[in-house]
Amino acid sequence: MTMNGPDPRAATRGLVALVLDQTRIDPQRRPSPDMRRWCRDLAARLGVPPREVIDTNRELLQEALRLEQVSHLTAGVESTPPDRVLTGLVSEAREE
């Protein structure tokens, strides 16, 4: 993991917050290229393969949540990911 930019835990927390708002408004909308790039860049920075296809805000939220977990696992210090209770959004996305 490189040390350029903010702590990956902070970066993923910001991504999750923004994507969660977008998903609440329109879960089926296609995320912007900038949002998908941010997600891919974070995955690369964390050293994990990015999700191949992100067609909806729901899918982007799932990926952002995964990256948030990885960011805590790879932090190099004792770090616990936040407990996320996103009832509805994530469970609905799994049903599709």
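Taken together, the values in this text are just the output of simple stated rules run on the coordinates, not laboratory data. Nothing here was measured: the structure is a model prediction, and the numbers come from that model. Cβ atoms come from the backbone with ideal geometry, glycine included; neighbour counts cover every protein chain shown.
Extending 7 Å from the Cα toward the beta-carbon at both A44 and E78 defines two label points whose distance is 3.5 nm.
Taking other C-beta atoms within 10 Å as the exposure proxy, L42, L61, L18 rank L18, L42, L61 from fewest upward.
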